[in-house]
1. Amide H to amide H, which residues 5 or more places from V48 or on other chains are under 5 Å from it, using H placed in the peptide plane?
2. Pull out the extension gain between F322 and K14, defined as 0.36 nm times the separation in residues minus the alpha carbon to alpha carbon distance; nm, one decimal.
3. Can you figure out the FRET efficiency of V357 with N314, using R₀ = 30 Å and their beta-carbon distance, to the nearest 0.05?
4. Which length gain, in nm to one decimal place, applies between S178 and N259 when the Cα-Cα distance is subtracted from 0.36 nm times their residue separation?
5. I'd like to verify something in the chain: which complete DSSP H helices, judged by Cα projection on the helix axis, reach 18 Å or more and average at least -1.0 on the Kyte-Doolittle scale?
6. Just how large is the dipole of the chain about the Cα centre, in debye to the nearest 20, putting +1 at every Lys and Arg Cβ and -1 at every Asp and Glu Cβ?
7. Can you bin every Cα-Cα distance in region 48-160 into 5 Å intervals starting at zero and give me the percent of pairs per bin, rounded to whole numbers?
8. Contour minus end-to-end for Q153 and L365, with contour as 0.36 nm per residue of separation and end-to-end as the Cα-Cα distance?
Amino acid sequence: MFERAVAILIKEFKQIFRDPRMKTIIFVTPLIQIMLFGYSANKDITYVPMAIYDKDNTVESRDLLRKFTSSKYFVPQRYIFDDQEQNYVLNKGLASTVIRIDRGFGRNLNAGKQADIQMSYDGTDSNTAMIVMGYANTIISSYQEELLKNKAQAAGLINTVSSIDLRDRAWFNGNLISRNYYLPGVIAIIVTMMSLLLSAMAIVKEKEIGTMEQLTVSPLRPLELIVGKLLPFAAIALIQVTLVTALGVVWFHIPLRGNLFFLLFSTCIYLFTTLGIGLFISTISSTQQEANMSVFLFYMPTMLLSGFAYPISNMPQVIQWFTFINPMRYFMVIIRSIFLKGVGIEVLWPQLLPLLVIGIVVITLSSLRFRKRLN
């Protein structure tokens, strides 16, 4: 049994490496993907283009504007001088936010009255707008605190002014770099897509070129054929994980605080599900095009419900229940925890256990269906 499975395994490797396009897909495409995601999957918002509409033009208004322009968050792109131009700037996308300071701002501040300013945002991207609003509120709060201290100092009351000094600390991702959070998830996405495509397409390819019938009449047992077919793709997936991880750590300086071997071990468990699903797709598909469409039909909801881009806790309760049968949900937590937290099986076993159960069930059912089709 072992010798026949090894013979199929060697045949698969020869077929894979004989095709230059397949070698490109396996080894070059994941590296291109990690490079593209590494530079594009970044939610750190800095240097927001800002338009300035200062109708007051006093020392106080210029001091406030200097607070904005001297930070790394806002860059003055345009100075405007009437209300119509303010609307024009936002409509044309010439700036993401407009700060408007009406007349009387400085006079009201000096008189101890309420001084109003207006911040207009491009709310097309609501997430970005909320973050920019947070930046603006922080700057204004800092400016207001300085005003209070200056007035208290001028009145000789500086010792009576209380203040709170907040010292915050972020664990695991000290500088709050979003790339450190997203790139480990990209590895999970690459492994999922490549293992699904390779396992589903390779078996369907045997059907299209007519060699599947030769395999069925050979002395090969169904289990030997399954093992010989899937093991090469599992090995390729592990090589891809190693290459992409090395590129992420060396090029993008993503911290890998956990054990690399534990990462590969967890990937092996996850491959039970992806290879099993690829095997199932191969049994219901007659052509490579049909298998390709089926892979994408499965992949898209799997990725969206994995927590890669959108927190699962923000999803409706019914959708959250569906995520418990999504293997990528568990693998996403595992791979991010290994990279950023450096934890091991003693912490991640609640994620590994359901992932293992789902993997065993999927690979078993898919193998039984595949054996039934062969028989």
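A short reminder: the numbers here are calculations on the coordinates, not readings from a lab. None of these values were measured; they are calculated from a predicted model. Heads up, the Cβs are rebuilt from the backbone with ideal geometry, glycines too, and the neighbour counts pull from every protein chain shown.
1. Correct list: F74, V75.
2. Working: separation 308, 0.36 × 308 = 110.88 nm, distance 3.98 nm.
Residue separation times 0.36 nm, minus the Cα-Cα distance, leaves 106.9 nm.
3. Working: r = 26 Å, r/R0 = 0.88.
According to the calculation, E is roughly 0.70.
4. Details: separation 81, 0.36 × 81 = 29.16 nm, distance 2.18 nm.
Extra length from S178 to N259 when fully extended: 27.0 nm.
5. On the way: long enough: 2-18 (24 Å, 0.36); 126-154 (42 Å, -0.10); 178-209 (46 Å, 0.97); 222-250 (42 Å, 1.89); 260-284 (36 Å, 2.03); 288-304 (24 Å, 0.38); 345-374 (42 Å, 1.23).
In the chain, the long hydrophobic H runs are 2-18, 126-154, 178-209, 222-250, 260-284, 288-304, 345-374.
6. 860
7. Pairs per bin, as whole percents: 2, 11, 21, 22, 19, 12, 7, 4, 2, 1.
8. Details: separation 212, 0.36 × 212 = 76.32 nm, distance 7.63 nm.
In short, 68.7 nm is gained.
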